[in-house]
Every structure is written in structure tokens, then in C-alpha cells.
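See structure below.
The values are calculated or read from the model by the stated rules, or taken from the named source; none is laboratory data. What you see is a predicted model; the values in this text were computed from it and never measured. Quick reminder, even Gly has a Cβ in these numbers, built from the backbone with ideal geometry, and neighbours come from all protein chains shown. Remember, those area values only see protein heavy atoms, side chains included, never the ligands or the DNA or RNA. Shrake-Rupley method; radii C 1.70, N 1.55, O 1.52, S 1.80 Å.
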Amino acid sequence: MITFDDIEPQLVSLLQAHRESLAPLGPMLINRDLNGRVRIIAQEDRVTDDAGRAAMDTVAADMRKKLGAHVAPEGSLILYEADLDAVAASGLSRPLAEDLPGYRIVDRLATGTRWATVEEPSDGAARRIVFFSIKGGVGRSTALAACARHLAQGGRKILVVDLDLESPGLSSSLLPDDRCPRYGVTDWMVEDLVGNADEMIEDMVAVSDLSELGDIRAVPAHGAKPGDYLLKLGRVWMPKVTADRATEPWPRRLNRLIDALEARYTPDVVLIDSRSGIDETASAVVTDLGAHLVCLFAIHGAQTWTGYRILFEHWKRAGVVKDIRDRLQIVAGLVPETDSVAYVDALRQASWDLFGEYLYDEVEAGATAEFSFDLAEPDAPHQPWAIHWNRGFAALERLHGNEVVVDDERVRAVFGEVFDGLDKLTPAED
């Protein structure tokens, strides 16, 4: 039985076999629809003779033999289009194989996000830093709050945005209930669909008292009164249809929100808390918001490395590794108090193996690689910034309120490596 993962290798083999007969027809697209069925699309004006159409019919017949249920129904297996670039742009498009120039595969996905397109770093004044993890419960949100305080104490203006919409909670670490703003990200995303969002910017940001020296502003996932949060959440991911009938995908709307917040509050650093896991929400945060740094939280275990392996392999297959690899940084969350050195060593090795397999350049003897690092290289992205869990975490259980005094010495003992890494990216004098 041919399954989804067999489609591409079979297609590549088939098209290589028919390379000569198809050459006069020029570039082609392989369209894979929502059901995983493929069809071949040729340039309309290139197939004008009987020989060209006969070649296409032969390829179609072979596709039916090799791909079984994964070919389009009779009558729609071969299509001719006037503008192949427009067709490619309507889905997730990438080259099919290095030795088949001009052939692209176009995937249609049920979601508006893809993990396989990476926005350039934002060209605004603020540095955007995303906190992401494959699984929850790794101390990611607490680390973000601690980093917000550290950076603010150093004089930076910090904006924290809670985009863990399915599991909101970061804002409660930064804002007491009586300081939570009227609206949150979810309200903005829903009201944007009907043109009301611009009026909400002023009422969705609150000042946190977490830093007594600096400026921290927080944008929660929801407002002081969540309202019917689940019904709003179900509409957050909708694309917006504009007045001229164009469609704006929800990740682009989210990016527009961040741009608007930066324009209004002029932060030096924007810290963004992402949902955990390889889902469409996290995809938009990690790849579509123009992040300057993505902190990849890791617990040394099979679930973490399997998840990152799937993600890195997808980026490699999609040809976007070079677009994002220099913006990634492994963070070792919840390093245990006992045997911590051995734990971090094992995590470092696993991280290096993964980065080496998918993200680093292969280095030939005597050659210099563009992007490759030794296991012990201190500034390499695989080198974990360790968060050493201990009872110092208790100093951050309540991050706001007049009765709380944050013990900076204990906090640094826990998060110091992350602080030092962020200081290099966001020097205080900026």
C-alpha cells in the first residue's frame, strides 16, 4: 500500500524516468490536495502539440500505477494553467528535488500555518524573542517572567505578550487581578475580524510592578473578564476577508497586532510566550512573527527530542533551515538539583546530535563551514542555557504584589545563564 510518506519518493523516481519526454513542456507543479491526492499541472501554452499531451498521458498512467489511492480522480489528474506562479503561491510550495529543476510540489493544508515559511527578523527597533517548548510544564512561562524582570532592571523597556492562548497564565504572573486590562489578545483577534480592533490597543496593555526599576508592560491572553472565552478562541484563527475581498491569514493579523503594539509602546524587547507543541498556533509564533531569537526549551527525554527532530527535519525538507537556524537557542529547563552536570552533558550531546544532523553544515576535511559548531563551542545554538531548578523557584511563585520581595540572588542562581545569553542579544545601552 502506498501511504502519504511514499508519495514524494515515488513521484521523484517517476519524473526522473520521464525527464527527457517531459523536458519540452517546461516547469510543472505537483499539486497535493487536502486529502493527500496529487495531480500534475503544466503550463497551458507549452502543451500545444500531440506529442506533449501524449507524454503527459503516459506520466499520468504511471502515476496511477505507482501512487494508488493518492492520485486525483479521472479527469482531474492533469491540469493546464496559464500562470503556474500564481498556483504555486496559493499553497505551500517548494522544489520537488534538486535534480528536477522547474518541478515544484504544492501542498494544500487545512490550517493557515505551515512551519515551512519563515519570516525575516522584524526590522522594527524592538528585539522579538519567542519562548517555545515541545511540551508544557518545563518552566517556560516562569522563565519568561524572570527574564522580563532582569531585562527591565537593566533599563530596557519590555513588552510581554501572552500567546499561549489555549493555556493562558503568564499574565497572572505579571499582573495582579485588579491590574489586568479590559481586553486581551483574544479580544483583539476577534474584533479585528469586524474592524473594531484599532480601538482596543489602549485597553489591552497594563503596567506590571514586577520590576521596581524598569518598565514592563504586559498584554494578556484575555482581559479582566474573559467572557465567553472558548467561543472567542474558536474564532481567533480565522482569516480576515478585507473590503477588496482579499484574504489575510490569521498569522499575518497577529503580526499586525505586534507591529501596532510596538508602534504604540516603543519597547526595546518584546517577549512572546508561545503555546507548546507542534501545532498551528505555535507555528505562527515561531516562524511568522519575525523573531530575532527563538528559545527552544528542552527537557532531556524522548518526547522533547522526537518533537524537535520532526520540526528540524521538516525545515530541512522545506529548504528553510538557513532562514531560521541562526535564530535558535536551546534552553535546558528544570535541570535537576542532583547529578546536574551529568544531566546537562547528556542534554548537550543530544542537542548537538540533532543540530548536527539537520541544521549544521557538513564539514569536509580542510574546509570551513558556514554554520557548524563543535560540541563544546560555548556560543553555539545547541549549547544549552541551563535553568537550574531549586527552591529558588519559590522566589518567583508570586511575582507581583506589595508584599513580595524578589530575591535577585536566588533568581540569578536559577536563570543566570539565560540572563547572560539575552544580555548579549539585547545590550542595555540599546
Got a number for the accessible area of residue 309? Probe 1.4 Å, square angstrom, nearest 10. 90
Can you tell which of 193, 306, 254 lies farthest toward the positive end of the dipole of the stretch 154-307, using +1 and -1 charges on the Cβ of basic and acidic side chains (Lys, Arg; Asp, Glu)? 306
Expressed in angstrom, Rg and Dmax over the Cα atoms of the stretch 1-155 are 22.0, 74
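Per the 1.4 Å probe, what fraction of the accessible area of the chain, in percent, lies on carbon and sulfur atoms? Kindly include the intermediate steps, with their values, before the conclusion.
Numbers: 9840 of 20090 Å².
Summing carbon and sulfur atoms, their accessible area is 49 percent of the total for the chain.
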Under unit Cβ charges (Lys, Arg +1; Asp, Glu -1), what dipole magnitude, rounded to 20 debye, does the stretch 325-385 have relative to its Cα centre? 240
Tilt relative to the chain, helix 408-425 - C-alpha long axis, 0 to 90 degrees, to 10: 40
Debye equation applied to the C-alpha atoms of the stretch 56-143, log10 I(q)/I(0) at 0.14 Å⁻¹: -0.78
The set of residues whose placed amide H lies less than 5 Å from the amide H of residue 28, leaving out same-chain residues fewer than 5 positions away, is 103, 104
Förster-model FRET efficiency, 35 Å R0, residue 167 and residue 246, C-beta, rounded to 0.05: 0.60
Charged-residue dipole, Cβ positions (Lys, Arg, Asp, Glu), the chain about Cα centre, Debye nearest 20: 940
Ignoring ligands and nucleic acids, what accessible area does residue 29 show with a 1.4 Å probe (Å², nearest 10)? 10
Local electrostatic count at residue 274 - Lys and Arg +1, Asp and Glu -1, tallied over other residues with Cβ under 12 Å: -4
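With only Lys, Arg, Asp and Glu charged, each at its Cβ (+1 for the first two, -1 for the last two), find how big the charge dipole of the stretch 24-67 is about the Cα centre; round to the nearest 20 debye.
Values: 8 positive and 7 negative charges, 75 e Å.
Computed charge dipole of the stretch 24-67: roughly 360 debye.
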Computed curve, the chain, Cα-only Debye sum without solvent term, log₁₀ I(q)/I(0) at 0.10, 0.13 Å⁻¹, is -0.79, -1.15
Grab the Cα-Cα distance for residue 198 and residue 61, subtract it from 0.36 nm times how many residues apart they are, and report the gain in nm with one decimal. 43.9 nm
Testing the spin-label approximation: label points 7 Å from Cα along Cα→Cβ at residue 69 and residue 191. State their distance in nm. 4.8
Please calculate how many Å² of accessible area the chain carries per residue, with a 1.4 Å probe and no DNA, RNA or ligand atoms counted. 47
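What value, in deg cm²/dmol to 500, does the helix sum -39500 (n - 2.57) over DSSP H runs of n ≥ 4 give at 222 nm once divided by the residues of the chain?
That comes out to -11000 deg cm²/dmol.
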Lys and Arg at +1, Asp and Glu at -1: neighbours of residue 290 with Cβ under 13 Å from its Cβ sum to -2
Any idea which of 97, 86, 68 is furthest toward the positive side of the dipole for the stretch 46-112, if Lys and Arg beta-carbons carry +1 and Asp and Glu beta-carbons -1? 68
Net charge contributed by nearby residues that have their C-beta within less than 10 Å of residue 30 (K/R +1, D/E -1): +1
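What is the extension gain from residue 117 to residue 370, computed as 0.36 nm multiplied by their sequence separation minus the C-alpha to C-alpha distance, in nm to one decimal?
On the way: separation 253, 0.36 × 253 = 91.08 nm, distance 2.15 nm.
Taking 0.36 nm per residue and subtracting the Cα distance, the gain is 88.9 nm.
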Quote the accessible area belonging to residue 312 in square angstrom, nearest 10, computed with a 1.4 Å probe and with ligands, DNA and RNA left uncounted. 0
Projected label distance in nm at residue 231 and residue 409, using a 7 Å step from Cα toward the beta-carbon: 5.4
